[in-house]
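The structure appears right after this line, and notes come after that.
The values are calculated or read from the model by the stated rules, or taken from the named source; none is laboratory data. All values reported here derive from a predicted model rather than from experimental measurement. Using ideal geometry, Cβ is built from the backbone for each residue, glycine included, and neighbour counts are taken over all protein chains shown.
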Amino acid sequence: MYNPPHFQEERTEVLHQLIREHSLAAVITMGPEGLIANHIPLILDPQPGPLGTLRGHVSRMNPQWRDSQPHVFALAIFQGPSAYITPSWYPSREETGKVVPTYNYVVVHAYGPFRTYEDPELLLRNVRALTELHEAALAERWSVEDAPADFIQGQLKGIVGIEIPIARLEGKWKVSQNRVPKDRQGVIDGLREAGDVKSLAMADQVASQNRS
């Protein structure tokens with residue numbers, strides 16, 4: 001990933017937090033006929049440290065689990081907030097006119113070996129952990145135990161577990177750090193005026209840089 005120094009985020013705890021908050025990953029592996037990509041919810045196990053392990057599952061019918069080449073690292077991409085940035089938000093445009101549109105975004109790339117497993121106990125443990133993660137914010141929560149045990153066992157037979165022990169993490173926080181303070185404030189004001197969820201999330205990211 002092209003990642004200039006002023007956009008790099010290297011704090012493991014920050015990268016881990018984004019993975020937890022935006023857990024649907026684009027998982028890319030190399031197969032015999034080229035790249036394979038699927039969108040897979042993953043859960044982060046912080047062990048082994050310092051980078052941890054990503055775990056999830058795919059349908060047994062999905063060829064990625066059997067066709068991926070084990071000697072080539074997998075790449076899991078986690079996408080955080082993103083927003084289009086118009087030059088009309090930059091006060092400096094009135095001074096020089098030398099401004100262009102851009103796109104702000106936050107992203108984490110995790111690299112590591114792509115491994116699979118079929119142990120039903122491990123599969124059940126991971127399915128339970130994924131469910132608890134995503135049900136936690138709901139007022140009425142569903143749990144794996146709410147379904148008949150034989151039904152769950154049947155469902156487990158249709159999936160294959162995947163895990164990626166993280167060998168390398170890259171974070172890119174492209175949130176207007178390359179603009180002067182008054183332009184960053186203009187971006188914050190413009191995004192907050194837009195008012196949609198994505199714009200407000202990006203406004204918070206730019207504001208956090210303004211305070212740093």
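If you take the residues of the range 66-77 that are in contact (Cβ under 8 Å) with a residue 40 or more places away in the chain and farther than 16 Å from Pro165 by Cβ, which of them is nearest to the chain's Cα centre (by Cα)?
Applying the filter and picking the extreme gives Ile77.
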Residues in the range 96-142 that are over 22 Å from Arg20 (Cβ atoms) and among the small types (Gly, Ala, Ser) total 1
Of (1) hydrophobic (A, V, I, L, M, F, W, C); (2) closer than 29 Å to Ser199 by Cα; (3) touching a residue at least 24 places away in the same chain (Cβ under 8 Å), Val100 satisfies every one except (3)
Residue pairs within 9 Å by beta carbon, gap of at least six or interchain, first lying in the range 127-154 and without any contact (Cβ under 8 Å) to a residue 40 or more places away in the chain, second of a type in the set (Asp, Glu), listed first then second, are Arg128/Glu145; Arg141/Glu132; Arg141/Glu135; Trp142/Glu135; Ser143/Glu132; Ser143/Glu135; Val144/Glu132; Ile152/Glu145
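This table checks each residue for (1) surrounded by fewer than 13 Cβ atoms within 10 Å (Cβ to Cβ); (2) in contact with a Gly (Cβ under 8 Å, 6 or more places away or on another chain); (3) within 28 Å of Arg11 (Cα to Cα).
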position: Glu118; (1), (2), (3): no, yes, no
position: Ala149; (1), (2), (3): yes, no, no
position: Gln155; (1), (2), (3): no, no, no
position: Pro165; (1), (2), (3): no, yes, yes
position: Asp183; (1), (2), (3): no, no, yes
Picked from the range 164-196 (must be more than 23 Å from Pro5 (Cβ to Cβ) and in a strand (DSSP E or B)), the residue farthest from the chain's Cα centre (by Cα) is Pro165
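So which residues in the range 157-193 are among the aliphatic types (A, V, I, L, M) and at pLDDT 95 or above, if there are any at all?
The answer is Ile159, Val160, Ile162, Ile164, Ile166, Ala167, Leu169, Val175, Val187, Ile188, Leu191.
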**Request:** Test Gly161 against the stated conditions and say whether it is among the small types (Gly, Ala, Ser), farther than 30 Å from Asp204 by Cβ and not in a helix (DSSP H, G or I).
**Result:** yes
Apart from one, (1) of a type in the set (D, E, K, R); (2) surrounded by 15 or more Cβ atoms within 10 Å (Cβ to Cβ); (3) modelled with pLDDT under 95 all hold for Glu33; the odd one out is (2)
